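Shown next, in structure tokens, is the structure this report addresses.
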Ligand code: NA7
């Protein structure tokens, strides 16, 4: 199918509208355009593909999932041909991969770059979505799919005096393409999540002086990044079918070491040896050592104290080490950070750590950052202050469903969705890795592929069955939200003031947003819903002359 020819300024018509050309948007084109033959239009605010990896070009930006598994599995030739150079891929390499995929599958003709979607509205008579872009263009289609990413709406806290700062200001999530040279300059980094922790060692190598402002000390584990050997790549690729399948059935979309068992039932010497082994091997496997790390405070403390011990041995100045020891939340309840040389950076004579935990940043002055009456002078400020995660990038678009309801109003008390895929009151709209799905708790590419495959199957089914309108039922949505909340409530996850909880944004409701039951379990649930005729979705079938008939009452099987 092709878009109807339209007069200039008129609304263009397609089969599917997609917001975002990151890994989700790109795979949607491949699947919907090339397999289902649908006319797909993707709107992308950046001027290139890659989403997160297009914007987050800060020094040291690197994925915390190993490159051989942070890659698409949908095409055997692609996964065989692409060569990764390092164990953990750096941003330029991931972006080069995304660009390669776009070229290889000729995705760019389906994407409108440099075009942000500002509004999307559902027409209840026509059963179509119409989007409006920041260029004033309008396009409509029966389906709207959001592929906006979970960490795309970057945020700078509203510090007093920020506009008076005379130097340069950057946010890690909106880093200039041409890079920033900090050579010989005094730099302030505010924030010590993944972006801060990854960028601090690299900035320290350039800057004349670096001051790090830390509100919460985070747990960070060495990446032990290194070049990948030919043999490793060849052997992994030979086993890809098995390994990818295990990842799909796993908890986090990764093939990981099995847990030893419950912490307090494990021989302390065995536990200690395994903690050391995992620390020295590097990467995110540390918290998976016990079955109850995220369930029991006592178990959690065994792992947390192990990391604190490492901080004490890596950081020479005891006062700085004490500030860097993470104590404010259980390990694993905020995203575990994977670093290269983070703690050792604080042994450098030109690097200072300022805790703003008890004395917050007072204001930004023309010359620097003011804390407790002291002005820390700098020439540049790097805000590594994170994102309005999971809902921010959806809520900034005026998405209107039935009755003109705004999605951001519906979600005023926290996101509500069915499976993180559909929203009641927003027919024919699907979210890729939306809140209520495993998304950020998983290897994102595994979750993206699962969602896109599921949505594509569903659109095929809808077309074949002549169903013109589908919508999550309020009951299915209510039950799913309750299930997602119950799962989180049985763990330590909601106890941290994390971005998973919306706690990093003043005024944002505190709700644990992702589904924490694991990607394997979640995949089974989605397959079961599909197998049951898309239970939980209400279907309307076109009937000549009199609108539509309801084909499915949206009943959900009791076991969510
Ligand atoms: P994060 O993980 O949200 O980190 C943001 C950091 O900024 C964190 O240390 C915050 O402290 C700090 N922050 C935020 N607001 C302030 C104010 N007002 N004052 C001082 N410090 C502040 O974002 P990242 O970009 O590092 O990582 C996002 C995800 O990307 C990451 O989890 C990976 O999944 C990849 P806080 O901890 O809230 O006290």
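The values are calculated or read from the model by the stated rules, or taken from the named source; none is laboratory data. Computed from a prediction, not measured in an experiment: that's the story for all the values here. As a convention, Cβ positions derive from the backbone with ideal geometry for all residues, glycine included, and neighbour counts pool all protein chains shown.
For residue 514, the test of being at pLDDT 95 or above, assigned to a helix (DSSP H, G or I) and either surrounded by fewer than 19 Cβ atoms within 10 Å (Cβ to Cβ) or within 16 Å of the ligand (Cβ to nearest atom) (or both) is failed. Yes or no: residue 479 out of contact with any strand residue (DSSP E or B) (no Cβ under 8 Å at 6 or more places or on another chain), without any contact (Cβ under 8 Å) to a residue 12 or more places away in the chain and either assigned to a helix (DSSP H, G or I) or within 16 Å of the ligand (Cβ to nearest atom) (or both)? Against the criterion (out of contact with any strand residue (DSSP E or B) (no Cβ under 8 Å at 6 or more places or on another chain), without any contact (Cβ under 8 Å) to a residue 12 or more places away in the chain and either assigned to a helix (DSSP H, G or I) or within 16 Å of the ligand (Cβ to nearest atom) (or both)), residue 479 does not qualify.
Within the set 173, 184, the sole residue that is touching a helix residue (DSSP H, G or I) at 6+ places or on another chain (Cβ under 9 Å) and within 14 Å of the ligand (Cβ to nearest atom) turns out to be 173. When residues in segment 384-411 are screened for being closer than 30 Å to residue 184 by Cα and outside any loop (DSSP other than H, G, I, E, B), 1 of them pass.
Scanning segment 286-295 for residues that are crowded, with 18+ Cβ neighbours inside 10 Å and either in a helix (DSSP H, G or I) or in contact (Cβ under 8 Å) with a residue 40 or more places away in the chain (or both) gives 286, 287, 288, 289, 294. If the condition is being free of Cβ contacts under 8 Å to residues at least 60 places away in the same chain and surrounded by 19 or more Cβ atoms within 10 Å (Cβ to Cβ), then segment 247-273 contributes 263, 266, 271. For residue 363, the criteria (1) more than 16 Å from the ligand (Cβ to nearest atom); (2) more than 21 Å from residue 524 (Cβ to Cβ); (3) touching a residue at least 24 places away in the same chain (Cβ under 8 Å) hold in every case but one, which is (1). Only residues that are within 15 Å of the ligand (Cβ to nearest atom), touching a residue at least 12 places away in the same chain (Cβ under 8 Å) and out of contact with any helix residue (DSSP H, G or I) (no Cβ under 6 Å at 6 or more places or on another chain) were counted across segment 341-360, and they come to 5. Test residue 538 against the stated conditions and say whether it is farther than 30 Å from residue 466 by Cα, in contact (Cβ under 8 Å) with a residue 40 or more places away in the chain, surrounded by 19 or more Cβ atoms within 10 Å (Cβ to Cβ) and more than 16 Å from the ligand (Cβ to nearest atom). Here the answer is no, as residue 538 does not meet what is asked. Listed by position, the helices (runs of 4 or more DSSP H) contained in segment 1-105 that have at least 2 residues being out of contact with any strand residue (DSSP E or B) (no Cβ under 7 Å at 6 or more places or on another chain) and farther than 20 Å from residue 253 by Cα are 52-55, 76-81, 91-104.
May I ask you to verify whether residue 381 is assigned to a strand (DSSP E or B), touching a residue at least 60 places away in the same chain (Cβ under 8 Å), under 30 Å from residue 524 (Cα atoms) and touching a strand residue (DSSP E or B) at 6+ places or on another chain (Cβ under 8 Å)? No, not satisfied.
Each row is one residue, and each column tells you yes or no for (1) under 20 Å from residue 216 (Cβ atoms); (2) assigned by TED's automatic domain parsing to the domain that holds residue 514; (3) touching a strand residue (DSSP E or B) at 6+ places or on another chain (Cβ under 6 Å); (4) not in a helix (DSSP H, G or I).
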{"site": "302", "(1), (2), (3), (4)": "no, no, no, no"}
{"site": "310", "(1), (2), (3), (4)": "yes, no, no, no"}
{"site": "335", "(1), (2), (3), (4)": "yes, no, no, yes"}
{"site": "352", "(1), (2), (3), (4)": "yes, no, yes, yes"}
{"site": "375", "(1), (2), (3), (4)": "no, no, yes, yes"}
